[in-house]
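A quick write-up on the structure given underneath.
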Amino acid sequence: MPDTRKHRGAGPRDHEWFGPEARPYLIAATSDLSWLLTRGYAEPSSLKLVGDRYRLVERQRVAVLRSACSDQSLARRHANRIVAPRGPLRIDGFNLILTLESALGGGIVLGGRDGCFRDLASVHGTYRRVEETQAALDLAGRFLTEWGIGACTWYLDAPVSNSGRLAAMIRAMGWEAAIVPDPDSILSQPGAPITTADSGILDRCGPWLNLARLLVDQVPGAFVVDLGSLQPYHQGGPAPGGGEG
């Protein structure tokens, strides 16, 4: 089915699956998964164990996976994080734009254990502009200018269709946009500081800026679901609204 969405908003049951009653269980699940990853347990089996324990639906499991990380990864990410914005920057383009579009469109933005903000959207090989795309670029442009950030290069995945159209919008804002086969490998290499919330890149890169969080913090009423506090929920039991339906 073609993607005909005009907004990158919340799913039909997200306010139930990620609402106040469900969040303590999701926080506990994130804590449990992080504990297992810290001790070297495999990610797929660990996620199944935790997801089954709390009877999480698939979308909740994805959220927990994106929010968890091992102690080793957490320490490395914190050691390399830049506290104050500075330029020039190398930007993980789709990673940033999808999070900003989600925040502006009322979609879920996850607060992870490492302090990063991440979306629950997915391009599945195809990117489609939504009504919030230009607003997302304007938001980034306004604050990057205010913070005195110099030249920025946005890296976009060549295999993702419509990356050229997004690149044109980025260039119209005065930035450079590079369409490359694998942005992850470039952003993981030494060079100017990067901006990303991609866990795989963060575990390999040098200095990085938590730009998505800085920008989402400027969006009033953003649907932020913070699973990073890691306060276990001691009463136990399945999450409300759980089950695989």
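Results, tabulated for the structure shown:
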{"item": "From the options GLY40, GLY9, residue that is modelled with pLDDT of 95 or more, assigned to a loop (DSSP other than H, G, I, E, B) and open to solvent by less than 70 Å² (accessible area, probe 1.4 Å)", "result": "GLY40"}
{"item": "Count of residues meeting criterion [of a type in the set (D, E, K, R) and in contact with an Asp or Glu (Cβ under 8 Å, 6 or more places away or on another chain)] in region 34-91", "result": "5"}
{"item": "Selection within region 178-199 - under 20 Å from the mean Cα position of the chain (by Cα) and not acidic (Asp, Glu)", "result": "PRO183, SER185, ILE186, LEU187, SER188, PRO193, ILE194, THR195, THR196, ALA197, SER199"}
{"item": "Meets criteria (surrounded by 14 or more Cβ atoms within 10 Å (Cβ to Cβ), out of contact with any Gly (no Cβ under 8 Å at 6 or more places or on another chain) and modelled with pLDDT under 95) for ALA239", "result": "yes"}
{"item": "Complete set of residues in region 139-155 that are crowded, with 18+ Cβ neighbours inside 10 Å and in a helix (DSSP H, G or I)", "result": "LEU139, ALA140, LEU144"}
{"item": "Test for ALA84: is it of a type in the set (A, V, I, L, M, F, W, C), within 29 Å of TYR155 (Cα to Cα) and part of a helix (DSSP H, G or I)", "result": "no"}
{"item": "Unmet requirement for GLY115, which otherwise passes all of (1) under 16 Å from ASN210 (Cα atoms); (2) in contact with a Gly (Cβ under 8 Å, 6 or more places away or on another chain); (3) open to solvent by 20 Å² or more (accessible area, probe 1.4 Å); (4) not in a helix (DSSP H, G or I)", "result": "(3)"}
{"item": "Matching residues, region 128-162, being among the polar types (S, T, N, Q) and at pLDDT 95 or above", "result": "THR133, GLN134, THR153"}
{"item": "Residues of region 21-35 satisfying the condition of being without any contact (Cβ under 8 Å) to a residue 60 or more places away in the chain and surrounded by fewer than 19 Cβ atoms within 10 Å (Cβ to Cβ)", "result": "TRP35"}
{"item": "ARG81, sole failed condition from (1) open to solvent by 80 Å² or more (accessible area, probe 1.4 Å); (2) within 21 Å of LEU214 (Cβ to Cβ); (3) more than 20 Å from the chain's Cα centre (by Cα)", "result": "(3)"}
{"item": "Residue within region 56-72 that is within 20 Å of PHE117 (Cα to Cα) and more than 18 Å from the chain's Cα centre (by Cα) present", "result": "yes"}
{"item": "Hits in region 84-123 - residues which are closer than 26 Å to LEU37 by Cα and of a type in the set (A, V, I, L, M, F, W, C)", "result": "LEU96, ILE108, VAL109, LEU110, CYS116, PHE117, LEU120, ALA121"}
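Here's the yes/no breakdown for (1) farther than 26 Å from LEU100 by Cβ; (2) of a type in the set (Lys, Arg):
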{"site": "GLY9", "(1), (2)": "no, no"}
{"site": "PHE18", "(1), (2)": "no, no"}
{"site": "GLY40", "(1), (2)": "yes, no"}
{"site": "LEU47", "(1), (2)": "yes, no"}
{"site": "ARG61", "(1), (2)": "no, yes"}
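Let's see how each residue does on (1) closer than 18 Å to GLY150 by Cβ; (2) open to solvent by less than 60 Å² (accessible area, probe 1.4 Å); (3) of a type in the set (Gly, Ala, Ser):
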| site | (1), (2), (3) |
| --- | --- |
| ASP184 | no, yes, no |
| GLN189 | no, no, no |
| ILE201 | no, yes, no |
| CYS205 | no, yes, no |
| ALA212 | no, yes, yes |
| VAL219 | no, yes, no |
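The values are calculated or read from the model by the stated rules, or taken from the named source; none is laboratory data. As the structure is a prediction and not an experimental result, all values here were calculated from the model. Neighbour counts are summed over all protein chains in view; Cβ atoms, including those assigned to glycine, are modelled from backbone coordinates with ideal geometry. Please note that ligands, DNA and RNA were not included when accessible areas were found on the heavy atoms of the full protein model with its side chains. Shrake-Rupley method; radii C 1.70, N 1.55, O 1.52, S 1.80 Å.
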